[in-house]
Amino acid sequence: MKIVMLGAPGAGKGTQAKMIAAKYQVPHVSSGDIFRANIKNGTELGKKAKEYMDQGLLVPDELTVDLVIDRLSWEDCKNGYILDGFPRTIPQAKTLDAALEKIGEHLDYAIDVDVPDENIVTRMSGRRACVGCGATYHIVYNPSKKGENCEVCGEQLILRDDDKPETVQKRLSVYHEQTQPLIDYYAGQGILKSVDGTQDMNDVFAAIAAILEA
Ligand code: AMP
C-alpha cells in the first residue's frame, strides 16, 4: 500500500496519515516531520530548511527530494507507506514516479483531503504541536487530555511558527500555485480519490478506509 496524501496545509492530512499508518501498519513518512527533526537536532539541513519554513515557503527540491526518496528505501517501507507532505510540486511527483518505476513499483492512491480555504485559517490558528515529539493537537477539534502539555511525552504544546496566521496565508497561496496541480496530475493517472475534509476526523477516516478497502 503506497499512498500519497494531498490537501491544503491544515486540511488534516497529517492526522489522517497517522490514523491510516496505525490501522494498516505502514510507516507515516512526513517530509515536514523530517525537516522538524533536523531543526530540533540543529543539523545544517535543519538550519537551511527553517529559513524557508518560517516564511511559509517550500524548501528547495535539492534539499528535499533525495532526503525523502531515500527514506522510502528503508526496510520498514517494504510493504508500503503513507507519504504526507511529499510530493508538493509536479517536479517532485515526477521524480518520485521515476524512482518507483526504476524498482518496478508504483503509487496505489493519492488521497485528497478537501477543505475550502475559509476553514483553513481558523483551523490552523487552533493547532498546537508538541516541542518534544511533534505530536499535533487542536484546541477545539482534538485537544490534548493534558491541557497545554503533550499526551504522549508530557512536553509543552506550542503554536508552530509556520501555523501563525500571516504564514498560513502564504502557505495557502504556495499550495494553490505549486501543490494543487498534483490533483490533476494524479487524476490523470487514475489514482486520485477525494474525501470531504470538513467532516469530523473520524468520518474523514471512515471515508478513507472505505476507499482503501473497496
Ligand atoms: P508540513 O508539516 O507538511 O506542513 O511541512 C511544513 C513545511 O516544511 C512546509 O511549509 C515547507 O516549508 C516544508 N516542506 C515539507 N515538505 C516539503 C516538500 N515536499 N517540499 C518542499 N518543502 C516542504
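The values are calculated or read from the model by the stated rules, or taken from the named source; none is laboratory data. Note that the structure is a prediction, hence the values are computed from the model and not measured. Cβ coordinates were reconstructed from backbone atoms using ideal geometry, including for glycine residues, and neighbour counts include every protein chain displayed. Accessible surface areas use protein heavy atoms only, side chains included; no ligands, DNA or RNA. Shrake-Rupley method; radii C 1.70, N 1.55, O 1.52, S 1.80 Å.
Output yes when any residue across region 8-28 is modelled with pLDDT of 95 or more, among the β-branched types (Val, Ile, Thr) and open to solvent by less than 20 Å² (accessible area, probe 1.4 Å), and no when none is. Looking through region 8-28, at least one residue is modelled with pLDDT of 95 or more, among the β-branched types (Val, Ile, Thr) and open to solvent by less than 20 Å² (accessible area, probe 1.4 Å). Set side by side, the residues 152, 131 differ, and just one is touching a residue at least 24 places away in the same chain (Cβ under 8 Å), more than 17 Å from residue 85 (Cα to Cα) and among the β-branched types (Val, Ile, Thr), which is 131. If you go through region 51-70 and keep only what is touching a residue at least 12 places away in the same chain (Cβ under 8 Å) and either over 17 Å from the mean Cα position of the chain (by Cα) or in a helix (DSSP H, G or I) (or both), you end up with 53, 55, 61, 63, 64, 65, 67, 68, 69.
Scanning region 104-118 for residues that are surrounded by fewer than 15 Cβ atoms within 10 Å (Cβ to Cβ) and within 23 Å of residue 168 (Cβ to Cβ) yields 116, 117, 118. Note on region 118-214: enclosed helices (runs of 4 or more DSSP H) holding 2 or more residues that are within 16 Å of the ligand (Cβ to nearest atom) are 165-174, 181-188.
Can you find even one residue in region 93-101 that is among the acidic types (Asp, Glu) and either farther than 25 Å from residue 60 by Cβ or touching a strand residue (DSSP E or B) at 6+ places or on another chain (Cβ under 7 Å) (or both)? No - not one qualifying residue is present in region 93-101. When residue 73 is tested against (1) over 25 Å from residue 155 (Cβ atoms); (2) part of a helix (DSSP H, G or I); (3) polar (S, T, N, Q); (4) more than 10 Å from the ligand (Cβ to nearest atom), exactly one condition is not met: (2).
Residue count for region 35-59, restricted to those that are open to solvent by 40 Å² or more (accessible area, probe 1.4 Å), within 17 Å of residue 132 (Cβ to Cβ) and within 11 Å of the ligand (Cβ to nearest atom): 2.
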